[in-house]
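*Asks:* Structure in structure tokens, see below.
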Amino acid sequence: MKDLKTQEKWDSAAAIFDLMGGFGPERRWRARKTRLFSQMEGKVLFVAVGTGLDISSFPSGKNIVGIDISPKMLEKAKPRADAYPGEMTLRVMDVHDMDFPNAFFDQVYTSCAFCSVPDPVRGLSALLRVLKPGGELKMFEHTGSRCFPFSLMLNVMNPLFRSFGPETNRDTVANVRAAGFQVRKVTNIFLDVVKTIEAEA
Amino acid sequence: MERRVYFILGDLLACAVIAAAAGLLTQSLIPVDWAAAPIVILIGMLIGLLIGLFAGIFGGFLFAPFFGAMELILPVTLSGTAGGMLTGMLHPLAGLTPGEAIQGGILVGILCLVFTYLLQTILHGEVK
């Protein structure tokens, strides 16, 4: 069943998404994301591809399926996916309710996705289902913090931010473990808030 | 730690501007003739904290498209909050002028950014 409330939220955000995230945040993160995405191998699922800002950081010649709950986001992503020098398809799909067969992908990548997925553990469990045994989950995410005063600030900001965009105080590493993945490596990019998480199915 | 000049200058600008704005706003909203009793200083600090927090979040959104998301929003929000709190405490005591509130805010903004950068050098890298 499609989560219409979440879909509407991200459809509304599509109009200003590139304006808010396309220049400063992407320039700041591009080198780190490029390094993470350079490990793409085999059949890859990219969750919450959004307007496709990350596509220019993908290595060429890969086989990638990008999903997003928002059709308006994917409309903007389409020219970027078409220009990708490899095989890339886009599908409107809710991560909680994917129609891919079990053990279908070699790797799953996310980029600032599980700050927004309404039920993160259920969404991550769904990723575990579509990954082959031993398949890899590689995430670039922002999370809550354990460092005062940032921990307090992210908790205070959360009700405001989640009304139109992401949540700011999630413990995504714990969610990955709770979904049944083996966490292999966590690397802090900015404080303990922006990080890469590498896990195995 | 961030080494790109564009982003360092952006962080510095955003933190200084928002902390100064929070200081000025707090200075203009708290009456100068408040008695310097501890409870008044506490109330001033709380008013400054709220003004600064919202100025910081607003500032984060204003500057984020140019200079980054969490890397900017967190130090800017900290700067706004600290700038507002400091002015809220000092103004009932010392009757700050608008210029002094702005100068204090700029200093607080720079210190908050330095604090964030120092914390970043400690936390950055693989989590053991």
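The values are calculated or read from the model by the stated rules, or taken from the named source; none is laboratory data. Small disclaimer: the values here were computed from a predicted structure and weren't measured. We place every Cβ from the backbone using ideal geometry, glycine too, and count neighbours over all the protein chains shown. Surface accessibility is based on the protein's heavy atoms, side chains included, excluding ligands, DNA and RNA. Shrake-Rupley method; radii C 1.70, N 1.55, O 1.52, S 1.80 Å.
*Asks:* Counting only protein heavy atoms and a 1.4 Å probe, tell me what percentage of chain B's accessible area is made up of carbon and sulfur.
*Replies:* 80 percent
*Asks:* In the range A:1-153, if the dipole is taken from +1 on Lys/Arg beta carbons and -1 on Asp/Glu beta carbons about the Cα centre, which of A:THR6, A:THR143, A:SER125 is farthest to the positive end?
*Replies:* Comparing the listed Cα positions along the dipole, A:THR143 ranks first.
*Asks:* Taking amide H positions as placed 1.01 Å from N in the peptide plane, with prolines and chain starts having none, which residues 5 or more places from A:LEU131, or on another chain, fall under 5 Å of its amide H?
*Replies:* Under 5 Å from the amide H of A:LEU131: A:ALA103, A:PHE104, A:PHE105.
*Asks:* Pairing the Cα long axis of helix B:38-67 with the longest principal axis of chain B, what angle in degrees results, from 0 to 90 and rounded to the nearest 10?
*Replies:* 30 degrees
*Asks:* Hey, if we sort A:LYS5, A:LYS72 by accessible area with the 1.4 Å probe, largest down, what's the order?
*Replies:* A:LYS5, A:LYS72
*Asks:* Which one, B:PHE58, B:LEU9, B:THR87, is farthest towards the positive end of the dipole of chain B when Lys and Arg carry +1 and Asp and Glu -1 on their Cβ?
*Replies:* Farthest along the dipole direction, towards plus: B:LEU9.
*Asks:* Give the cross-link partners of A:LYS9 among the aspartates and glutamates, using a straight C-alpha distance below 17 Å as the criterion and excluding same-chain residues fewer than 8 apart.
*Replies:* List returned: A:ASP18, A:ASP68, A:GLU75, A:ASP94, A:ASP119, A:GLU167.
*Asks:* May I pose another question? Under a cut-off of 14 Å between alpha-carbon atoms, report the aspartates and glutamates in cross-link reach of A:LYS195, not counting same-chain residues fewer than 8 places apart.
*Replies:* The reachable aspartates and glutamates, counting only those whose Cα sits under 14 Å from A:LYS195, are A:GLU141, A:ASP171, B:GLU71, B:GLU126.
*Asks:* Per DSSP H run of at least 4 residues, take -39500 (n - 2.57); add these up for chain A, divide by its residues and hand me the 222 nm value, nearest 500 deg cm²/dmol.
*Replies:* The per-residue figure over chain A is -11500 deg cm²/dmol.
*Asks:* Which residue, B:ALA64, B:ALA14, B:ALA94, has the most motion in a Gaussian network model of chain B that connects Cα atoms within less than 10 Å?
*Replies:* The residue with the greatest mean-square fluctuation here is B:ALA94.
*Asks:* In deg cm²/dmol and to the nearest 500, what is the mean residue ellipticity at 222 nm of chain B if only DSSP H runs of at least 4 residues count, each as -39500 (n - 2.57), divided by the residue total? Don't skip to the end; give the middle numbers.
*Replies:* Numbers: 4 runs with 106 residues, N = 128.
For chain B, the value works out to -29500 deg cm²/dmol.
*Asks:* Continuing with this model, one more query. Once R0 is set to 30 Å, what does the formula 1/(1 + (r/R0)^6) return for the Cβ-Cβ distance between A:LYS185 and B:LEU42, expressed as a FRET efficiency to the nearest 0.05?
*Replies:* 0.10
*Asks:* Right, next: With every protein chain present, what is the per residue accessible area of the range A:4-200 (1.4 Å probe, Å²)?
*Replies:* Ligands and nucleic acids excluded, the result is 41 Å² per residue.
*Asks:* Running a GNM on chain A with Cα contacts under 10 Å, which residue among A:ALA83, A:ALA178, A:ALA103 ends up with the highest mean-square fluctuation?
*Replies:* Fluctuation is largest for A:ALA83.
*Asks:* Over the range A:4-200, what lengths in whole Å, largest first, do the semi-axes of the equivalent ellipsoid take, defined as the square roots of 5 times the eigenvalues of the alpha-carbon gyration tensor?
*Replies:* 23, 20, 17
*Asks:* What FRET efficiency comes out for the pair B:VAL5/B:PHE58, r = Cβ-Cβ distance, R0 = 30 Å, nearest 0.05?
*Replies:* Efficiency, rounded to the nearest 0.05: 0.70.
*Asks:* Using r as the Cβ-Cβ distance of A:ALA178 and A:ASP99, and R0 as 22 Å, what FRET efficiency do you calculate, to the nearest 0.05?
*Replies:* Once the sixth-power term is evaluated, E becomes 0.40.
*Asks:* Which of rounded, prolate or oblate describes the range A:1-90 when judged by the alpha-carbon gyration tensor and an a/c cut-off of 1.5? Can you show the working numbers first?
*Replies:* Working: a/c = 1.96, a/b = 1.31, b/c = 1.49.
Oblate, because a/c is 1.5 or more while a/b does not exceed b/c.
*Asks:* Which distance in nm do the two modelled labels at A:ASP171 and A:ALA83 give, with both placed 7 Å along the Cα-to-Cβ direction?
*Replies:* Once both label points are built, they end up 4.2 nm from each other.
*Asks:* For the range B:89-128, which residues drop by 10 square angstrom or more in accessible area between the chain on its own and all protein chains together (1.4 Å probe)?
*Replies:* B:PHE115, B:THR116, B:LEU119, B:GLN120, B:LEU123, B:HIS124, B:GLY125, B:GLU126, B:VAL127
*Asks:* Further question: List for the range B:57-80: residues with 40 Å² or greater reduction in accessible area, all protein chains versus chain alone, probe 1.4 Å?
*Replies:* The answer is B:ILE57, B:PHE61, B:PRO65, B:MET70, B:GLU71, B:LEU74, B:LEU78 - residues whose exposure falls by at least 40 Å² when every protein chain is included.
*Asks:* With a 1.4 Å probe, how much accessible area is buried between chains A and B, both sides summed, in Å² to the nearest hundred?
*Replies:* For chain A against chain B, roughly 2900 Å² becomes buried.
*Asks:* Next question. Of all the accessible heavy-atom surface of the range A:4-200, with the other protein chains kept in place and a 1.4 Å probe, what percent is carbon and sulfur?
*Replies:* 53 percent
*Asks:* Name the residues of the range A:180-201 whose accessible area, probed at 1.4 Å, falls by at least 40 Å² once all protein chains are in place instead of their chain on its own?
*Replies:* A:VAL186, A:ASN188, A:PHE190, A:LEU191
*Asks:* Per residue, how much accessible area does the range B:5-122 show when a 1.4 Å probe rolls over the protein heavy atoms, in square angstrom?
*Replies:* Per residue, the range B:5-122 has 43 Å² of solvent-accessible surface.
*Asks:* Okay, next question. Spin-label point model (7 Å from Cα, Cβ direction): what's the B:SER28 to A:SER38 distance in nm?
*Replies:* So the two model labels end up 5.0 nm from each other.
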